[in-house]
Each structure stands twice: as structure tokens, then as C-alpha cells.
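The structure under discussion appears below in the form of C-alpha cells.
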Amino acid sequence: DHFQKIQVESKKEDLVTGGIIIKYEDDIENMFKSSGDEIRIQRVIFVKEKGEYRRLKEGENLPLGSEIQVEINIINQEEIEYMHLIIPKATGMELSAERSGYYWSQGFSYYVQLKNEVVDIFLERIPKGTSRIFFAAYLTSEGKLTMAPSTIQSFEHPALKASDTSFKINVSSIR
């Protein structure tokens with residue numbers, strides 16, 4: 001009973017097109033649950049300390065200006081094509097890279113489009129197994145920063161999708 005009937009009528013014989021947007025609320029962790037075992041993604045965050053990277057624990061306190069590395073692991077059972085990976089940035093996180101462009105890593109290429117709120121990655125082909133994508137960023141604002149879940153979805157088969165979970169970091173000016 002939550003849905004209402006929508007009816008469109010036209011007096012013209014021309015083709016009528018339109019769209020319907022349905023808005024609903026849910027826990028952000030439930031929005032892009034994985035569709036199965038075909039593909040999974042995992043986000044791992046590292047912090048650079050004294051020239052070395054160490055794995056960051058969720059909720060850990062970091063000083064303002066810290067350099068982090070975001071690693072996205074894509075785990076798939078078969079080679080897949082035409083995927084869109086969306087990695088939300090936390091407010092107060094600035095990427096080290098300055099330009100969008102093509103990248104090559106571990107036998108596959110991808111296009112990275114840098115935006116203020118997300119990193120969009122377009123993958124033409126992902127080989128079977130585990131593939132990794134990295135990018136570096138700096139923490140530029142104090143507070144509790146939250147990176148929303150990253151999602152990957154097929155352009156050709158929208159049911160083929162996966163997401164990770166959100167990740168929180170506490171940033172303070174005290175070192």
C-alpha cells in the first residue's frame with residue numbers, strides 16, 4: 001500500500017517519454033549490498049608515518065595534515081567488463097592527484113575522474129582474481145570524517161554490483 005498508481009495520458013499520437021523518481025530512506029550500509037559472490041570490493045586505508053605506510057584502524061585518531069593511502073581491492077570470480085567504481089571522499093580529505101586521466105595497474109587500465117565529493121573510476125576490463133586501485137590523500141579538516149561506502153556496478157548488467165562499508169577517521173590538530 002506504500003505505492004501509488006501513476007497514469008500518463010496523451011491526446012497526441014507522438015511518442016511520450018518520461019521518468020519516475022522514487023525516493024526512500026534506508027541505512028546507507030544497505031543501499032548497495034553485494035549481489036552475490038561474483039564480485040566484492042574491500043577498502044583498506046593506510047596512514048604514512050615516518051616514510052612508511054601502516055594499516056589504519058577505523059575510528060583511529062590522526063593529526064591534521066596526515067597523508068593516507070586508500071586501497072580498493074576488487075575481488076571477482078571471472079573476468080568482467082564495463083564496471084563503474086564510485087569512491088566517496090570524506091569532507092576534509094583532499095586528493096594528492098590533481099588531474100583526471102587514464103591509469104594502468106596490474107594488467108588492467110582504468111579512467112579516473114576526480115570530483116569534489118567522489119572519485120569515479122571507469123573500468124573497461126577487470127581480470128579474474130584480486131585487482132587493486134590506490135590513491136593518496138591528505139586530511140585537511142578537523143573532526144570526525146566519514147567515507148561513505150564505495151560501490152561498483154556493471155554498466156551492462158546492473159544487478160552485478162557490490163559495496164564495502166563506510167570508514168570513519170578522527171582528525172585533530174594535536175600531534
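Just a few scattered comments:
- Residue match in segment 68-76 (condition: out of contact with any Ser or Thr (no Cβ under 8 Å at 6 or more places or on another chain), without any contact (Cβ under 8 Å) to a residue 24 or more places away in the chain and more than 30 Å from ALA159 (Cα to Cα)): no
- Counting only strands (runs of 3 or more DSSP E) that sit wholly inside segment 122-175, those with at least 2 residues that are touching an Asp or Glu at 6+ places or on another chain (Cβ under 9 Å) are 129-139, 151-154, 161-163, 167-172.
- Of all the criteria given as (1) modelled with pLDDT of 75 or more; (2) under 18 Å from ILE86 (Cβ atoms); (3) of a type in the set (Lys, Arg), the one not satisfied by LYS33 is (1).
- Test result for GLU79, touching a Pro at 6+ places or on another chain (Cβ under 6 Å), farther than 30 Å from GLU49 by Cβ and open to solvent by 10 Å² or more (accessible area, probe 1.4 Å): yes
- Qualifying positions in segment 140-167 - acidic (Asp, Glu) and surrounded by 14 or more Cβ atoms within 10 Å (Cβ to Cβ): GLU142, ASP164
- Extreme residue, farthest from the chain's Cα centre (by Cα), among residues of segment 93-119 that are open to solvent by less than 10 Å² (accessible area, probe 1.4 Å) and under 17 Å from VAL70 (Cα atoms): MET93
- Total residues in segment 49-59, condition open to solvent by less than 40 Å² (accessible area, probe 1.4 Å) and at pLDDT below 95: 1
- Considering the conditions (1) under 14 Å from the mean Cα position of the chain (by Cα); (2) closer than 20 Å to PHE46 by Cα, LEU139 is excluded by exactly one of them, (1).
- Considering residues of segment 144-175 that are free of Cβ contacts under 8 Å to residues at least 60 places away in the same chain and closer than 22 Å to PHE46 by Cβ only, the residue farthest from the chain's Cα centre (by Cα): LYS144
- Here segment 128-139 is the region considered, the condition is being open to solvent by 30 Å² or more (accessible area, probe 1.4 Å) and under 21 Å from TYR102 (Cβ atoms), and the residue that is modelled with the highest pLDDT is ARG132.
The values are calculated or read from the model by the stated rules, or taken from the named source; none is laboratory data. The structure presented is a predicted model; accordingly, all values stated were derived computationally and were not measured. Every residue, glycine as well, gets a Cβ built from its backbone with ideal geometry; the counts of neighbours run over all protein chains shown. Accessible surface areas use protein heavy atoms only, side chains included; no ligands, DNA or RNA. Shrake-Rupley method; radii C 1.70, N 1.55, O 1.52, S 1.80 Å.
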